[in-house]
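The values are calculated or read from the model by the stated rules, or taken from the named source; none is laboratory data. Predicted model, so just to flag it, every value in this text is computed and none were measured. Every residue, glycine among them, receives a Cβ derived from its backbone with ideal geometry; neighbour counts consider all protein chains shown.
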Amino acid sequence: MAGAGTSRFDIKTLKTLIQTYGIVLVLILMIIVISILNPRFLGLTNIFNVLSQTAIYGILALGMTFVITSQGIDLSVGSVLALAGCIMASIGQVAGAVPRYFPNLPQMPLIVPILAALSVGAASGALNGWLISATHIPPFIATLGMYTVARGLVLVYTGGTPISNLLSGFDVIGQGKLFGYIPVAVLVYVVIVVMIIISWILLHNTKFGKAVYALGGNKRAAEISGVNVNKTLIIIYAYCGLLAGVAAIVYAGRAGSMHPSAATGYELTAIAATTVGGTSHTGGIGTIWGAVVGALLISVLRNGLTLLSVSSYWQQIAEGVIIVAAVIVDMRKNKGKK
């Protein structure tokens, strides 16, 4: 009898571990398979290339985790990234740039355009949160509107032309390397992860944190229990927009310029990474580490398929299949929990 009980316990424990850390196992298996098929994958240069690619997706996915955990969605982060990045670039050009967006503007210190990007991102996100809380329209519609408006604004602002000749500091942020190997963009992402770990602690030990999960669990019940729904929504979406501004800084650094069409489709990648990482679209369930691993998995998949000379068309199909599979697994895992 004891043996049977132990066996059941072991099976239950194993099942729990797979449900909790299955995404990590999938990532490890994917790395092993790709490495066998193409040993170049484990080359130091390629590893840091994957991490650099993950940086922007991962930063967006971290913000998206808060949104989806509250049972929302943000389709605007790619457009907000482009808007924040282009405004930042327009006031972050070197004095002798040709053409120069603001000819009479003196050369600004790096902190000024960076603060501009963060402000634009946070303000755009806060507007999303306000629209959702004040008008009660679905997050999908509110952020779809911001997606279109922000992309339109950046086209009007730039006239559809890219902005280049940025301050040298942007090159360091996006393309610089510490010790000759470690991309600075990766370190920026690590800093963001540390910030989110702190936020994770706050989410589990503060009134605000409880409110975020309460909104995702049952908005009406959260309101009855005293949660300031409107304020919480504004903060959640403002934070997601703020991280889009951070991603814009890294993006501009990597590219050395900003284009109004930048980050097209990045919102879908952020949602995919968050979903694959285990954040439930039914709300109330989400992990920061899952978003990090999810973003890494997406980057490894794309990089690996490229190394294996798989057509970009098939890469999109593979990514789509993984997203749908992740949602199906999530629905089956959380069935009956809510």
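On the basis of being exposed (fewer than 13 other Cβ atoms within 10 Å of the Cβ) and modelled with pLDDT under 80, does Tyr189 make the cut? So Tyr189 fails the test.
Right, Gly278: under 24 Å from Ala82 (Cβ atoms) and within 16 Å of the chain's Cα centre (by Cα) or not? Here the answer is no, as Gly278 does not meet what is asked.
In the set Thr282, Thr275, Thr232, Thr269, which member is touching a residue at least 12 places away in the same chain (Cβ under 8 Å), over 17 Å from Ala61 (Cβ atoms), out of contact with any Ser or Thr (no Cβ under 7 Å at 6 or more places or on another chain) and part of a helix (DSSP H, G or I)? Break it down stepwise before answering.
Numbers: Thr282 fails: part of a helix (DSSP H, G or I); Thr275 fails: over 17 Å from Ala61 (Cβ atoms); Thr269 fails: over 17 Å from Ala61 (Cβ atoms).
Result: Thr232 is the single residue among Thr282, Thr275, Thr232, Thr269 that is touching a residue at least 12 places away in the same chain (Cβ under 8 Å), over 17 Å from Ala61 (Cβ atoms), out of contact with any Ser or Thr (no Cβ under 7 Å at 6 or more places or on another chain) and part of a helix (DSSP H, G or I).
What about Ala117, is it over 21 Å from Phe140 (Cα atoms), out of contact with any His (no Cβ under 9 Å at 6 or more places or on another chain) and either modelled with pLDDT of 95 or more or of a type in the set (Asp, Glu) (or both)? Quick ask: steps written out before the conclusion?
Working: over 21 Å from Phe140 (Cα atoms): yes; out of contact with any His (no Cβ under 9 Å at 6 or more places or on another chain): yes; either modelled with pLDDT of 95 or more or of a type in the set (Asp, Glu) (or both): yes.
Spelling it out, Ala117 is indeed over 21 Å from Phe140 (Cα atoms), out of contact with any His (no Cβ under 9 Å at 6 or more places or on another chain) and either modelled with pLDDT of 95 or more or of a type in the set (Asp, Glu) (or both).
Gly290 satisfies every condition listed in (1) outside any helix (DSSP H, G or I); (2) surrounded by 23 or more Cβ atoms within 10 Å (Cβ to Cβ) except (1).
Would you point out which residue out of Ile47, Ile56, Ile111 is surrounded by 19 or more Cβ atoms within 10 Å (Cβ to Cβ) and either farther than 25 Å from Leu215 by Cα or not aliphatic (A, V, I, L, M) (or both)?
Values: Ile47 fails: surrounded by 19 or more Cβ atoms within 10 Å (Cβ to Cβ); Ile111 fails: surrounded by 19 or more Cβ atoms within 10 Å (Cβ to Cβ).
Matching residue, one of Ile47, Ile56, Ile111: Ile56.
Out of the residues in segment 34-47 meeting the condition of being in a helix (DSSP H, G or I) and touching a residue at least 24 places away in the same chain (Cβ under 8 Å), tell me which one is nearest to Ala252 (Cα to Cα). Looking at residues that are in a helix (DSSP H, G or I) and touching a residue at least 24 places away in the same chain (Cβ under 8 Å), I get Asn46.
Somewhere in segment 306-325, is a residue out of contact with any strand residue (DSSP E or B) (no Cβ under 9 Å at 6 or more places or on another chain), of a type in the set (Gly, Ala, Ser) and surrounded by 17 or more Cβ atoms within 10 Å (Cβ to Cβ)? Outline the logic, then answer.
Here is the first cut: in segment 306-325, the residues out of contact with any strand residue (DSSP E or B) (no Cβ under 9 Å at 6 or more places or on another chain) are 306-325.
Narrowing further to those that are of a type in the set (Gly, Ala, Ser): 309, 311-312, 318, 320, 325.
Pick out the ones that are also surrounded by 17 or more Cβ atoms within 10 Å (Cβ to Cβ) and you get none.
No, segment 306-325 contains no residue that is out of contact with any strand residue (DSSP E or B) (no Cβ under 9 Å at 6 or more places or on another chain), of a type in the set (Gly, Ala, Ser) and surrounded by 17 or more Cβ atoms within 10 Å (Cβ to Cβ).
Answer yes or no: is there a residue in segment 67-81 that is touching a Pro at 6+ places or on another chain (Cβ under 7 Å), over 30 Å from Ala222 (Cβ atoms) and not acidic (Asp, Glu). No, the conditions are met nowhere in segment 67-81.
Against the definition (buried (at least 16 other Cβ atoms within 10 Å of the Cβ), in a helix (DSSP H, G or I), hydrophobic (A, V, I, L, M, F, W, C) and modelled with pLDDT under 90), how does Leu215 come out, yes or no? Don't jump to the end; show me each part of the working.
Details: buried (at least 16 other Cβ atoms within 10 Å of the Cβ): yes; in a helix (DSSP H, G or I): yes; hydrophobic (A, V, I, L, M, F, W, C): yes; modelled with pLDDT under 90: yes.
Judged against the criteria, Leu215 is a match.
For segment 128-146, the condition holds for at least one residue, the condition being that it is over 24 Å from the mean Cα position of the chain (by Cα), part of a helix (DSSP H, G or I), over 19 Å from Val212 (Cβ atoms) and among the hydroxyl-bearing types (Ser, Thr, Tyr). With respect to Ala123, is the statement that it is touching a strand residue (DSSP E or B) at 6+ places or on another chain (Cβ under 9 Å) and either without any contact (Cβ under 8 Å) to a residue 12 or more places away in the chain or assigned to a helix (DSSP H, G or I) (or both) true? Criteria not met by Ala123. Checked against the criterion of being closer than 29 Å to Asn165 by Cα, surrounded by fewer than 18 Cβ atoms within 10 Å (Cβ to Cβ) and in contact (Cβ under 8 Å) with a residue 60 or more places away in the chain, the candidates Gly256, Gly241, Gly245 yield just one match: Gly256.
Against the test of being in a helix (DSSP H, G or I), under 19 Å from the mean Cα position of the chain (by Cα) and under 30 Å from Ser309 (Cβ atoms), the options Val67, Val50 yield a single qualifying residue, Val50. Looking at segment 74-91, can you tell me whether even one residue there is modelled with pLDDT of 90 or more, buried (at least 24 other Cβ atoms within 10 Å of the Cβ) and among the polar types (S, T, N, Q)? Checked against the condition, which is being modelled with pLDDT of 90 or more, buried (at least 24 other Cβ atoms within 10 Å of the Cβ) and among the polar types (S, T, N, Q), segment 74-91 yields at least one hit.
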